[in-house]
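One structure is given below, encoded as structure tokens.
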Amino acid sequence: MQNNKMAQIWQQISRNQILIPFAALLLLALFNLIADPSFFRITLKDNANGDPVLSGQLISIIDSGSELAILAIGMTLVTAASGGQDISVGAAIAISGSVLLRVLCGSDSRSEEMQAPIIVAFLIACVVSMLFGAFNGALVAYFKIQPMVATLILFTAGRSIAAWINNNELPIVKDPSFSYYGNYIPGIPVPAPFLIAIVCFVVTWLVLKFTTLGLYVQSVGINEKTSRLNGLNPELIKLLTYVLLGLCVAVAALIKVSRISTINYSVIAKDIEMDAILAVALGGNALSGGKFNMAASVLGAYVIQFLTTTLYKFEVNAAALPAYKAVVVILLVVMSAPTVREKLSALVKKINGSASAEKT
Amino acid sequence: MREGSVLELRGIYKSFPGVKALQNVDFTLRKGEIHALMGENGAGKSTLIKVLTGVHTKDDGDIWLKGHERPVQIHSPQEAQKLGISTVYQEISLCPNLSVAENIFIGRGDGQFVKWRSMNARAQELLDSLGIAVKATQQLASCSIAVQQMVAIARAVDMECSVLILDEPTSSLDESEVAKLFKLMRKLRNDGVGIIFVTHFLDQVYEVCDRITVLRDGTLVGEYEIETLPRVQLVSKMLGKELDDMADIKEAAPAYTDKGGVPVYEGRGLCSTEGISPFNFKIRKGEVNGFTGLLGSGRSECVRTIFGADKVMGGTVMMDGMTVKITKPREAMKHGIAYLPEDRKRDGIVADLSVRDNIILALQVKTGFFKPFSRAKAVEFADEYIKLLDIKTASDNTPIGSLSGGNQQKCILARWLLTHPKYLILDEPTRGIDVGTKVEIQKLVLKLASEGMSITFISSETDEMLRTCSRLLVMRDRKLVGELTGDQLTQTAVMNTIAGGESRAE
Amino acid sequence: MLNLSNGLRRDPGKRMTDTNLLTTITIAVFLVMYIASILILGEGFRKPQQMLNLISTNAYLIILSCGMSLVMITGGIDISVGGVTALVAMCCAVYLDQGGGNVFVSMLIAVGIGLAFGVVQGYLIAYLNVQPFIVTLAGMFFARGMTTIVHTNPFNVENESFVALKDFRIVLPLLGSYTRKGKYIPATIEIGVIVALLIVIVLFCVLKWTKLGRNFYAVGGNKQSALMLGINVKRTTFVSYVICGLLAGIGGYVYFLHVGSGSPSHAMGAEMNAIASSIIGGTMLTGGVGNIIGTLFGVLSLELIKNIVASVGLDQAWWTGITIAAMLCIFLVVQSVIIARRKKANASAAAEKVPKGGVT
């Protein structure tokens, strides 16, 4: 009886996806609590401009995890619909950021004033980014190339294209209002990237609520044939998810570029594709597509930032981080591999079986 | 083992989650005979063959092979090959990127090296001796499907096997190629090879086979000498109806009368990429008709063409007298056609989604991208149909994949009923589900028709069709060959039309 | 019977196997580019040494691409090779410089690291059915991260016997040239070139004349059929990754021999170059089609293009990335179109052939 009950509870827990990133978050929090409780301290300090802002490790996590969380939204959709991931998001951020700066600075990379309103520059960057998304999507949906290989093209060329757009100059935006988006808006003590991320979550929530996107994407990802027989156009829906990811990329690029008011083509958003994929996986979403849980992915993104910040705190070299994350990825995919799952569940049954046998 | 037999199966059991595919099946193959394995879809033929070739592992029972003192265990296709069991599958199981010669010799023999010259020479010799006009060095993908199938046969023949399994090898061959294959089969038989031949073409069975084993619903019906089993009796054994039952007259279905007027749906000269001969078809308001024919006769392909599920290659369509274009499912849905597909798992359910999402899917697509149903509305829809069709599920939130086959089928039926179609196509709605549900579905069909819906109903079970349909269209060899109405709607007449050829019983 | 063979003769292109067709295209493209650059750009391209330098610099890439082609023929992909190259170079450098070690042992280290990667990744992919891209992506990040963990900063190796080996040149007779003053400069290549050519020859023979080699093609052509034909699909897949890992180890050492230093930024993007070379060399991403000779010419074409781009004045760094991506894109789309046309041809052939063998 007890075994049954335990099994039921276990089933319920394992069924609720959001518990996976949540458990990981708790684990990390607990670790930090033991190692150094000051990790959780939040203080109100004046920043360089004299505005009072919140600071502390937790604030830095929600601040610098924002781009990742925004990307995770698009990556979740792409993963669900096409059963593969877009590895070009880092390169696409470089392109989008480059376009943004190009429009803002015009031909003179050191101009004192902005040549165009920020909103115009941002919209242009969005359009460009969505076009590149459409390029990826078209290769995947219509030419039937595996997503990761199709996006390899942009992964290879992206940073070069970004450099080319600005003639390899590094334009600097001197207007302070541009830096608000990546830092703090005067008078608001919460980091602006986090606010932007929240706006993105709300928009995503509204889109999922007021359109049938979620249902369509999942049904295409699970069973393309059935979807077609129910009047959906699987190719178009896949394409759409890549375009939406392009939009997410543009928003992330705005934050990234705004943080430093300039761009470094080879370093900006480096390895972020790995983190975005990891966020989706950590959110308990199958990397082979199908059902998704957006909230879990977003939480997964912040968990990864939590991990990164923790590692930094223990003075791990930034360049060595991928090694640790790679280990996490491998553990995740191995645990979720069907063959391993079967063996594990057989093992659990066996243990349960022998336990109940002992009792009788 | 008995004297003279090369292979004996005793008491074979095999089940998959939710399905008992084989129950206590015996099978004996004698030296130097061609043995037909017959049965309708789901009878267990393919499972039996996959057990023999090591693709599936049996749950229970013994496989005896000549020359082995104990029952043999077969765990993989390699082991089956080593034991002298070679197989030609219906779906060509060769590598399209390799040459013909390589496909014949790969995965066989000893040594680590490939001797191209001698391999090509041997392959060419083999191909020539079998009269297959193809160069051994050619890439397989550049050959026609028929030649590819012949290459697969050549490979199987060359393996010095004692048991040769031919699993519907003729479905892609034309008459002269079939004749050549039969010549080859007879030669091998005379050399002492035991051949298991699976086909759904009755003529072929009576042309080459010595003996017939019939399976139905995973159990053995019997083993017969070819001379003692006339064609109509064979069909009746496969379908599970003795001749006495066949005199049954249908009870419930209303008589068909062509009242004239404008048909709900009319198609002329329809054809698709799936290779059916162009056909004409129409259906009137409140009519229930059906396509019948053996498996592979093209009955599903016909309705798939009507719905636009396969790529439509030609033909004109009129709905309520208006010419319309239907080449995609979406267009068919717009004009009020609904289609419940044959392969529930592949084309019907979206396994990981909830019962609710599965039920509202089609109506949601019809309603549009920017008008999602509220959760409450969706629950209302789902609950209404869960109640109406008596779908047994824990809640509307349960993933459809965890339901039993019959309940899954009801969900998909609910999905289409929710769209309130003018014309409903049901392709094998009763396959693989329990008797109670079958009857429910048939009753529902008649009720819907009486309310004015037009319905096309396809089933492998003829009595179901007779009970529900007022008009039957008979398919054979991917051609529409007959139409039965009124008094003609009897088991005997249907079977005779299906079987063709010698059409009298006895 | 006769009409069958006639039908085949109608289209001579069809009689060529896919592998040969794509290889021929690659070699033709290379020759056209080379001759054109000699005729039009002249100068440097006319000297054989130019070409020999190109080969010497890219000997490691030839080796990596060979491994990549092998896994791609088997239907997989390995993007960890660049990371492994950097890790091998760093480990050997640290060993030679700080362990005061023996050159021979350093070679063993290189091979050992490569094999370890191959075995682990191969096991996860072949026996646990994890997606190759995810596994090897993690492998790449792990290798990159480990490189930094082993040693953070770039440095040159000064071990005497190693430097002697590094500076050793093989003189080729007859290919030398005269300076303007009439001084003879002999044509030379590095040892790595010999290693690379040996590997090309050995691998070519393995793929052509051994059963194992043909099994790679069969598995890549159609996994299910290969199983039915009696091939051990899992073991074959596993072996392909082990060989690829081994070649990454050897390639890493050849790279090390060329640059003579360890650095975390070594061989950046080498995996993408290797994939691009394989694809340009006629290896199909979908598996089953490819040729090592084609791969060799794929590498040469890629490098030649880079040289041409540079010498026509587009010497900004980004042109390289864009050119490679463009070439990759073109070849990918060509492959996808070839597959689509083949499928269509088969479908129409099936439609033409309404079976008539049934009851009449």
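The values are calculated or read from the model by the stated rules, or taken from the named source; none is laboratory data. All values reported here derive from a predicted model rather than from experimental measurement. All Cβ positions, even for glycine, are placed from backbone atoms using ideal geometry, and neighbour counts span all protein chains on display. Just so you know, the surface numbers come from the protein's heavy atoms only, side chains and all, with ligands and any DNA or RNA stripped out. Shrake-Rupley method; radii C 1.70, N 1.55, O 1.52, S 1.80 Å.
Here are a few things to note about the model shown:
- Kirkwood hydrodynamic radius computed over the stretch C:11-147 comes to 18.1 Å, based on all pairs of distinct alpha carbons.
- A versus B: buried accessible surface, summed, Å² (probe 1.4 Å, to nearest 100): 2000 Å²
- Residues residue B:447 and residue B:20, FRET efficiency given R0 of 25 Å [Cβ-Cβ distance, rounded to 0.05]: 0.20
- Over all pairs of different C-alpha atoms, the stretch B:294-349 has a mean inverse distance whose reciprocal, the Kirkwood radius, equals 12.1 Å.
- Calculation over all alpha carbon pairs of the stretch B:341-395 in 10 angstrom steps from 0 returns a P(r) of 22, 51, 26, 1 percent.
- A 1.4 Å probe run over chain B, with the rest of the protein chains in place, finds 41 Å² accessible per residue.
- Where B:159, A:274 fall by accessible area, highest first, once all protein chains stay in place (1.4 Å): B:159, A:274
- Cβ-Cβ FRET estimate between residue A:349 and residue B:76, R0 fixed at 30 Å, reported to 0.05: 0.70
- Accessible surface of chain B [probe 1.4 Å, protein heavy atoms]: carbon and sulfur percent: 50 percent
- Mean projection of the Cα convex hull over all viewing directions, computed for chain C: 23.2 nm².
- Occluded residues from the stretch C:215-233, i.e. those whose accessible area drops by 50 Å² or more once the chain is not alone (1.4 Å probe): C:228, C:229, C:230
- Alpha-carbon geometry of the stretch B:314-424: the Rg and the Dmax are 14.7, 45 Å, given in that order.
- A 1.4 Å probe, protein heavy atoms only, puts the accessible area of residue B:492 near 40 Å².
- Distance between the stretch A:181-221 and the stretch B:365-398 - C-alpha centres, whole angstrom: 28 Å
- Less than 5 angstrom separates the built amide H of residue C:176 from those of C:187, all sequence-distant by 5 or more or on a different chain.
- The value given for the stretch C:223-277 is a Kirkwood hydrodynamic radius of 13.7 Å, derived from the mean inverse Cα-Cα separation.
- Mean per-residue shielding of peptide B:347-356 is 5, counting Cβ atoms of other chains within 10 Å of each Cβ.
- Hull volume per residue, based on the alpha-carbon atoms of the stretch B:5-229 and their convex hull, is 128 Å³.
- Residue C:312-residue C:167 FRET efficiency (beta carbon distance; Förster radius 51 Å; 0.05 resolution): 0.95
- Taking chymotrypsin sites (Phe, Trp or Tyr not before Pro) in DSSP loop states with no more than 15 other Cβ atoms inside 10 Å as exposed sites, chain C has its longest site-free stretch at C:169-360.
- Two numbers describe the Cα atoms of the stretch A:259-360: Rg and Dmax, which are 18.9, 71 Å.
- Across the stretch A:17-315, the mean sequence separation of Cα contacts (distance under 8 Å, 6 or more residues apart), normalised by length, yields a relative contact order of 35 percent.
- Gyration tensor (Cα) of the stretch B:85-144, equivalent ellipsoid semi-axes in angstrom: 17, 15, 12
- Accessible surface buried upon C-A contact (total; probe 1.4 Å; Å², nearest 100): 3300 Å²
- The modelled label-to-label distance for the pair residue B:383/residue A:295, using points 7 Å beyond Cα in the direction of Cβ, is 2.2 nm.
- Shape analysis of the stretch B:379-506 yields a ratio of the Cα radius of gyration to the Kirkwood radius, Rg/Rh, of 1.04.
- Averaging the sequence gap over all C-alpha pairs within less than 8 Å and six or more residues apart, then dividing by the number of residues, gives chain C a relative contact order of 32 percent.
- Spatially, the stretch C:152-222 and the stretch A:275-350 are offset by 40 Å when compared through their Cα centroids.
- Once the 1.4 Å probe is applied to the protein heavy atoms, the stretch A:17-315 comes out at 38 Å² accessible per residue.
- Rounded to the nearest 100, the interface formed by chains B and C buries 4100 square angstrom of accessible surface, both chains summed, with a 1.4 Å probe.
- Crossing angle, helix B:375-388 versus chain B [Cα axis fit, 0-90 degrees, rounded to tens]: 80 degrees
- Axis of helix B:405-417 versus longest Cα principal axis of chain B: the two differ by about 40°, to the nearest ten degrees.
- Spin-label model, residue B:370/residue C:341: points 7 Å from Cα along the beta carbon direction are separated by 4.2 nm.
- C-alpha long axis of helix C:292-311 to longest principal axis of chain C, angle in °: 60 degrees
- Chain B: C-alpha pair distances exceeding 35 Å, %: 42 percent
- The protein assembly as shown - convex hull of alpha carbons, volume per residue in Å³: 223 Å³
- Segment residue A:144-residue A:288, length gained on full extension (0.36 nm per residue, minus Cα span): 50.3 nm
- Per-residue [θ]222 nm for the protein assembly as shown (sum of -39500 (n - 2.57) over DSSP H runs n ≥ 4, rounded to 500): -17500 deg cm²/dmol
- Accessible area per residue (1.4 Å probe, heavy atoms of protein chains only) ranks C:107, C:268, B:185 as C:268, C:107, B:185, with the largest value leading.
- The distance between label points at residue A:131 and residue B:207 comes to 6.2 nm (points 7 Å beyond Cα on the Cα→Cβ vector).
- Linear extension gain, residue C:261 paired with residue C:34, 0.36 nm per residue minus alpha-carbon span: 78.5 nm
- Lysines with Cα under 25 Å of residue A:174, excluding same-chain neighbours fewer than 8 positions away: A:45, A:256, A:270
- Length added when fully stretched, residue B:121-residue B:59, from 0.36 nm per residue minus Cα-Cα: 18.0 nm
- Translational diffusion coefficient (Stokes-Einstein; Kirkwood radius from C-alpha pairs) of chain A at 4 °C, 1.567 mPa s, in µm²/s: 59 µm²/s
- Lys pairs, the stretch B:5-229 - Cα-Cα below 20 angstrom, 8 or more residues apart or on other chains: 19
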